[in-house]
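Chemist: Here it is: the structure, laid out below.
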Amino acid sequence: MTLPTLADSPFLPFTRPSIDEDTIASVAEVLRSGWITTGPKCKALEAALSQRFAGRPVRLVNSATAALEMALRLVGVGPGDEVITTPLSWVATANVILTVGATPVFVDVDPLTRNIDLGAVEKAITPRTRALLPVDLAGLPVDRDRLYAIAQQHHLRVIEDAAQSMGSRWNGREIGTFGDLVSFSFHANKNMTTTEGGCLVMNTEDEARLFEKLRLQGVTRFPDGGMDVDVLGGKANLTDVAAAIGLGQLQQLDTFNQRRRALAQQYFERFARDLGFELPPEDFSNSNWHMFQPLLPASLPGHLPTRGAFIETMRTCGIGVGVHYPAMHLFSLYRSRGHRAGEFPQAERIGERTVTLPLFPGMVDGDVSRVCEAVKRVMRGAVS
């Protein structure tokens, strides 16, 4: 098989959103309407998401980061408190804990699922622990049964960082239809997008009303035109322009995820196992296959001294490769708080070796074969 090059084949990024013409037209309608900030489209998207999530209250924000921060504020996490989370995630997961004045307590990840090690979570609980903040890496859910058993035993709130889990399931139940507070991301690279944005799924209307105040300066408006501010809020509301995109995306979410699963299945069928990569868990009942992330071999061939060299050589073959994510406790911000290399060996091993290969609904038949063939040629030094 002859591998196409950049000169004769389109570049294949590791992700790309799928926006149809009807959705584009709906955005144009919003722009023509004169109401482009938070308004009827946001209300419609919140209602549609609530219907999907078994009638639970859902409120939109301009990022999943904001949703996580406000969830922490909802449950009263603040200075002196600890929140247990994973070091293997986008750094926002821990940054929001610092933002509210609390301390992120990292525990290592399970080497197979790459999600937080729930056995380590139990050992990390102290009298200062107020909440658990697990992450569903690449859309593969954390064991919800065990997670909530731990939370109930220790009287802890759970804030699910389900940023990557839209449409994922746990034992037949869709993530977001059950549990405590659940945050989703609608960033451009997610399974459904509003370009930027996110939401929080809550338990009660009282939580939702407080969330509304937190996302917009703490303001409560009255029918007579008056207003009051009784909590310190921020500015994190979503626009109707973004919500119009989200409404179109939500209608296609199940189709998108079906296509992702089919592409992931092709990866497992076509990936050369003799190259020494560690493939992700082969889960087609729970995961939404947000990303396909093999780990590079522990020992790279001589012509590829680093992960960066692998990524760059794949790029010369017309294939985009991402990295999601480095172990965040090794960033300077967290080293300055006392963290060090060797502290969480599984997260560090995975963070050092992970590569994100192309996986998005707009990929055509043959793209997975093209990626797998490029990986073989790059690893075997057959790229000039």
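The values are calculated or read from the model by the stated rules, or taken from the named source; none is laboratory data. The structure presented is a predicted model; accordingly, all values stated were derived computationally and were not measured. Reconstructed Cβ throughout: ideal geometry from the backbone, glycine too, with neighbour counts over all protein chains shown.
Chemist: Which is within 24 Å of the chain's Cα centre (by Cα), under 25 Å from R259 (Cα atoms) and either modelled with pLDDT under 95 or crowded, with 19+ Cβ neighbours inside 10 Å (or both), of L3, L60, L45? Step through it out loud before you land on a result.
Modeler: Details: L3 fails: within 24 Å of the chain's Cα centre (by Cα); L60 fails: under 25 Å from R259 (Cα atoms).
Result: L45 is the single residue among L3, L60, L45 that is within 24 Å of the chain's Cα centre (by Cα), under 25 Å from R259 (Cα atoms) and either modelled with pLDDT under 95 or crowded, with 19+ Cβ neighbours inside 10 Å (or both).
Chemist: Considering only the stretch 149-165, state which residues are part of a loop (DSSP other than H, G, I, E, B) and either within 21 Å of F211 (Cα to Cα) or without any contact (Cβ under 8 Å) to a residue 24 or more places away in the chain (or both).
Modeler: The first filter runs over the stretch 149-165 and keeps only residues part of a loop (DSSP other than H, G, I, E, B), leaving 154-156, 162-165.
Across the stretch 149-165, the qualifying residues are H155, L156, A162, A163.
Chemist: A follow-up question, please. Checking the condition crowded, with 23+ Cβ neighbours inside 10 Å and touching a strand residue (DSSP E or B) at 6+ places or on another chain (Cβ under 8 Å), which residue from L88, L156, L98 passes? Don't jump to the end; show me each part of the working.
Modeler: Numbers: L156 fails: crowded, with 23+ Cβ neighbours inside 10 Å; L98 fails: crowded, with 23+ Cβ neighbours inside 10 Å.
The unique qualifying residue is L88.
Chemist: Condition check: outside the structural domain of P141 (by TED's automatic domain parsing), closer than 30 Å to T193 by Cβ and either buried (at least 16 other Cβ atoms within 10 Å of the Cβ) or not aromatic (F, W, Y) (or both). Does T306 satisfy that?
Modeler: Numbers: outside the structural domain of P141 (by TED's automatic domain parsing): yes; closer than 30 Å to T193 by Cβ: no; either buried (at least 16 other Cβ atoms within 10 Å of the Cβ) or not aromatic (F, W, Y) (or both): yes.
No; evaluated as a whole, the condition is false for this residue.
Chemist: Collect the residues in the stretch 53-82 that are assigned to a strand (DSSP E or B) and either touching an Asp or Glu at 6+ places or on another chain (Cβ under 7 Å) or on the phi > 0 side of the Ramachandran plot (or both), keeping them in residue-number order. Can you show your working first?
Modeler: Here is the first cut: in the stretch 53-82, the ones assigned to a strand (DSSP E or B) are 58-61, 82.
Correct list: V58, R59, L60.
Chemist: While we're looking at this one, here's another question. Determine whether E69 is outside the structural domain of P361 (by TED's automatic domain parsing), crowded, with 19+ Cβ neighbours inside 10 Å, among the acidic types (D, E) and in contact with a Lys or Arg (Cβ under 7 Å, 6 or more places away or on another chain). Working first, answer last.
Modeler: On the way: outside the structural domain of P361 (by TED's automatic domain parsing): yes; crowded, with 19+ Cβ neighbours inside 10 Å: yes; among the acidic types (D, E): yes; in contact with a Lys or Arg (Cβ under 7 Å, 6 or more places away or on another chain): no.
Judged against the criteria, E69 is not a match.
Chemist: Where the second residue is of a type in the set (S, T, Y) and surrounded by fewer than 19 Cβ atoms within 10 Å (Cβ to Cβ) and the first is touching a residue at least 60 places away in the same chain (Cβ under 8 Å) and part of a loop (DSSP other than H, G, I, E, B) and lies in the stretch 83-112, which pairs have Cβ atoms under 9 Å and are six or more apart or on separate chains?
Modeler: If the second residue must be of a type in the set (S, T, Y) and surrounded by fewer than 19 Cβ atoms within 10 Å (Cβ to Cβ), no pairs are left.
Chemist: Which condition number does A374 fail, the rest of (1) touching a helix residue (DSSP H, G or I) at 6+ places or on another chain (Cβ under 9 Å); (2) surrounded by fewer than 17 Cβ atoms within 10 Å (Cβ to Cβ) being met?
Modeler: (2)
Chemist: Does the stretch 132-141 contain at least one residue that is surrounded by fewer than 22 Cβ atoms within 10 Å (Cβ to Cβ), free of Cβ contacts under 8 Å to residues at least 60 places away in the same chain and farther than 19 Å from L295 by Cα?
Modeler: no
Chemist: Name the residues in the stretch 307-327 that are assigned to a helix (DSSP H, G or I) and not polar (S, T, N, Q), would you? Even if it seems obvious, please write down each step before you answer.
Modeler: Here is the first cut: in the stretch 307-327, the ones assigned to a helix (DSSP H, G or I) are 307-316.
Hits for the stretch 307-327 are R307, G308, A309, F310, I311, E312, M314, R315.
Chemist: Out of (1) crowded, with 18+ Cβ neighbours inside 10 Å; (2) at negative phi, what's the single condition that is false for G167?
Modeler: (2)
Chemist: Next question. I need a count of the residues in the stretch 113-130 that are in a strand (DSSP E or B) and either surrounded by fewer than 23 Cβ atoms within 10 Å (Cβ to Cβ) or outside the structural domain of W170 (by TED's automatic domain parsing) (or both). Break it down into steps so the answer makes sense when it comes.
Modeler: In the first step, residues of the stretch 113-130 are kept if they are in a strand (DSSP E or B); the result is 116, 129-130.
Cutting the leftovers down to either surrounded by fewer than 23 Cβ atoms within 10 Å (Cβ to Cβ) or outside the structural domain of W170 (by TED's automatic domain parsing) (or both) gives us 129-130.
So the count comes out to 2.
Chemist: I would also like to ask the following. Take the residues in the stretch 51-82 that are touching a residue at least 12 places away in the same chain (Cβ under 8 Å) and of a type in the set (S, T, N, Q); name whichever of them is nearest to A242 (Cα to Cα). Give the derivation first.
Modeler: So in the stretch 51-82, the residues touching a residue at least 12 places away in the same chain (Cβ under 8 Å) come out as 52-54, 56-82.
Right, trim to of a type in the set (S, T, N, Q) and you get 62-63, 65.
Details: N62: 9, S63: 11, T65: 16 Å.
Within the stretch 51-82, the match that is nearest to A242 (Cα to Cα) is N62.
Chemist: Do we have any residue at all in the stretch 315-329 that's of a type in the set (S, T, N, Q), buried (at least 18 other Cβ atoms within 10 Å of the Cβ), in contact (Cβ under 8 Å) with a residue 40 or more places away in the chain and not assigned by TED's automatic domain parsing to the domain that holds F106?
Modeler: Of all residues in the stretch 315-329, those of a type in the set (S, T, N, Q) come to 316.
Adding the requirement that they be buried (at least 18 other Cβ atoms within 10 Å of the Cβ) leaves none.
No, the stretch 315-329 has no match at all.
Chemist: Take the residues of the stretch 180-199 that are in contact with an Asp or Glu (Cβ under 8 Å, 6 or more places away or on another chain) and either crowded, with 21+ Cβ neighbours inside 10 Å or aliphatic (A, V, I, L, M) (or both): which is farthest from Q251 (Cα to Cα)? Full working, then the answer.
Modeler: Here is the first cut: in the stretch 180-199, the ones in contact with an Asp or Glu (Cβ under 8 Å, 6 or more places away or on another chain) are 180-183, 186-188, 199.
Now drop any that are not either crowded, with 21+ Cβ neighbours inside 10 Å or aliphatic (A, V, I, L, M) (or both), which leaves 181-183, 186, 188, 199.
Values: L181: 23, V182: 20, S183: 19, F186: 14, A188: 16, C199: 17 Å.
Selected residue: L181.
Chemist: Which ones in the stretch 171-186 are polar (S, T, N, Q) and out of contact with any Phe, Trp or Tyr (no Cβ under 8 Å at 6 or more places or on another chain)?
Modeler: N171, S183, S185
Chemist: Follow-up. As an exercise: evaluate H290 against (1) touching a Gly at 6+ places or on another chain (Cβ under 6 Å); (2) crowded, with 17+ Cβ neighbours inside 10 Å; (3) assigned by TED's automatic domain parsing to the domain that holds A162 and give the number of the one condition it does not meet.
Modeler: All conditions pass for H290, except number (3).
So that you can scan it fast, the table gives a plain yes or no per residue for (1) under 24 Å from K190 (Cα atoms); (2) of a type in the set (A, V, I, L, M); (3) without any contact (Cβ under 8 Å) to a residue 40 or more places away in the chain; (4) in a strand (DSSP E or B):
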{"position": "R337", "(1), (2), (3), (4)": "no, no, yes, no"}
{"position": "E352", "(1), (2), (3), (4)": "yes, no, no, no"}
{"position": "M363", "(1), (2), (3), (4)": "yes, yes, no, no"}
{"position": "V368", "(1), (2), (3), (4)": "yes, yes, no, no"}
{"position": "C372", "(1), (2), (3), (4)": "yes, no, no, no"}
